[in-house]
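This report concerns only the one structure given below.
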Amino acid sequence: MIMKAAQFKAGGPEGIYIDDVPVPKPLPNEILIKVMATAINRADTLQRKGLYPPPPGASDILGLEAVGIVQQLGTDSGKWKVGDRVMGLLPGGGNAEYVAAHEDLFLKLPQSLDFLTAAAIPEVWLTAFQLLHTIGKVQKGETVLIHGGGSGVGTALTQLVKLADAIPFVTAGTQEKLDKAKSLGAFAGFNYKNETFGGKVIEITAGKGANIILDCVGGSFYEDNIEAVAVDGRWIVYGLMGGGNINGDFLSKLLRKRITITGTTLRARSVQYKKELIDNFSKMVLPNFESGKLQVVIDTVMPLSNLAEAHSLMEANKNNGKIIIQVDENLNKDEL
Ligand SMILES: NC(=O)c1ccc[n+]([C@@H]2O[C@H](COP(=O)([O-])OP(=O)(O)OC[C@H]3O[C@@H](n4cnc5c(N)ncnc54)[C@H](OP(=O)(O)O)[C@@H]3O)[C@@H](O)[C@H]2O)c1
């Protein structure tokens, strides 16, 4: 059987093409799903440039998430049945009509969520949940500084911080992104293109600084971050959109403030780690989408044939929230 899938020649978005390739066969403990919708992430743009190869054993087709319907079970798979609606956190292969992955990498799609909405959930919400709870161990009342406030991950983080009864602050590069973040619960927002945010965070936290910094920018923000972080603060680096270089007397400031810096990536973690994350997320967070307490933030929905355009939009930093890729042509966009 043949399916359409996203392939690329390493380089710019123009190197993306949709090709006919064989439908994957589910291995033991895997399930095959018919993909209804998927989404793109920054990591896909890095992979396309040849800077972020898939982990060993993962599909080389782009796409870290997909939602759809279970079509076939691999031997030893017992968690799902054919016809179940699921959403998957994938090591690759999501931007295609079918994808096979370990059965523990899927979450049950709540009845009240449609496929296009659900496609905004797996990668950024599980990343955000991992950063804030598994690693950040956020406590009620703590202040949390979130960079990339308009990103897929950032829009999820702002809401999760609020849900944890903590206080989110964001940075972003446009007023529209800051306004959206405030509508999602951000206490304050700083436009990093117009102002330095280190002193502002100190001011707004009455001299204490942020207990947690969730940092997807890295190098270009390090001076403001070291100023903004509280004594005994946790600084979690999960992206390097502003580069990986720092200089100057950084370590003495780190020492004086007793800061803990942690780096993390989700894609290369074990199935067991992701299973625990998915189980905890399913219990603690998923019901809040059904009740309307949490909302996915969708910037755009595009067909799979426009994947190159979707990458260009993301790399121009124009999206505020997720870019969804509709794979099944019959899904109704009005559902959004
Ligand atoms: N470690 C992990 O496990 C993991 C997992 C998922 C995602 N991530 C990381 O999380 C980040 C967000 O991913 P996403 O897919 O949600 O991204 P996204 O939706 O593409 O949003 C990223 C936003 O970050 C801002 N930005 C870009 N370059 C910047 C810079 N140099 N300085 C400050 N802000 C900048 C841009 O908005 P402005 O208009 O505000 O500039 C851009 O729209 C990425 O760094 C990604 O690699 C890491």
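Structure notes:
- Once the Cα-Cα distance is subtracted from the 0.36 nm per residue extended length, the Glu276 to Thr260 segment shows a gain of 3.4 nm.
- Between segment 33-54 and segment 303-321, the C-alpha centres lie 12 angstrom from each other.
- Within the accessible area of segment 15-143 (1.4 Å probe), percent carbon and sulfur: 55
- When you filter the trypsin sites (Lys or Arg not before Pro) in segment 219-264 for DSSP loop state and at most 15 other Cβ atoms inside 10 Å of their Cβ, you are left with Arg258.
- Projected label points at Glu329 and Thr196, each 7 Å from Cα along the beta carbon direction, are separated by 5.6 nanometres.
- The distance linking segment 148-208 with segment 230-292 is 16 Å (Cα centroid to Cα centroid, whole angstrom).
- Label zone at Leu240 (point 7 Å along Cα-to-Cβ), backbone N below 17 Å, segment 253-283: 261-268
- Total formal charge among the other residues, if their Cβ is under 10 angstrom from that of Glu103, Lys/Arg +1 and Asp/Glu -1: -1
- Loop trypsin sites (Lys or Arg not before Pro), segment 117-201, which have at most 14 other Cβ atoms in a 10 Å radius of their Cβ (DSSP): Lys137, Lys140, Lys193
- Estimated FRET transfer efficiency when R0 is 22 angstrom, pair Leu51-Glu14 (beta carbons, to 0.05): 0.80
- Dipole of segment 166-253, positive end: most advanced residue of Val229, Ala210, Ser183 [Cβ charges, Cα centre]: Ser183
- Each of Asp165 and Arg269 was given a label point 7 Å from its Cα along the Cα-to-Cβ line. The distance between the two points is 2.5 nm.
- Among beta bridges from DSSP that stay inside the chain, the antiparallel ones total about 55%.
- Magnitude of the charge dipole, the chain, Cβ model with Lys/Arg +1 and Asp/Glu -1, debye to 20: 820
- Sequence of His311, His102 when ordered by accessible area, the most exposed leading, probe 1.4 angstrom: His102, His311
- Among the trypsin sites (Lys or Arg not before Pro) found in segment 21-87, those both in a DSSP coil and sparsely packed, with 16 or fewer other Cβ atoms within 10 Å of their Cβ, are Lys49, Lys79, Lys81.
- Cross-link reach is defined here as a Cα-Cα straight distance under 20 Å, omitting same-chain residues fewer than 8 places apart; for Lys293 the aspartates and glutamates meeting it are Asp114, Glu123, Asp165, Asp179, Asp279, Glu335.
- Calculated FRET value between Lys79 and Glu315, using beta carbons and R₀ = 35 Å, to 0.05: 0.45
- Our summary of shape: the Cα atoms of segment 153-232 have principal axis extents of 27, 27, 21 Å, ordered from largest down, in whole angstrom.
- Antiparallel DSSP beta bridges within segment 136-263, as percent of all bridges there, nearest 5: 0
- The largest accessible area among Met284, Met36 belongs to the first residue in Met284, Met36, and the rest follow in falling order (1.4 Å probe, all chains).
- Whether segment 1-93 is rounded, prolate or oblate, judged on the alpha carbon gyration tensor where a/c under 1.5 counts as rounded: prolate
- In the full protein context, segment 235-336 carries 56 Å² of accessible surface per residue, based on a 1.4 Å probe and ignoring ligands, DNA and RNA.
- Three-way shape label, the chain, alpha-carbon gyration tensor, a/c 1.5: prolate
- Within the assembled protein chains, the solvent-accessible surface assigned to Tyr192 is about 90 Å², based on a 1.4 Å probe.
The values are calculated or read from the model by the stated rules, or taken from the named source; none is laboratory data. All values reported here derive from a predicted model rather than from experimental measurement. Methodologically, a virtual Cβ is constructed for each residue, glycine included, from the backbone with ideal geometry; neighbour enumeration extends over all protein chains shown. For accessibility, only protein heavy atoms count, side chains too; no ligands or nucleic acids. Shrake-Rupley method; radii C 1.70, N 1.55, O 1.52, S 1.80 Å.
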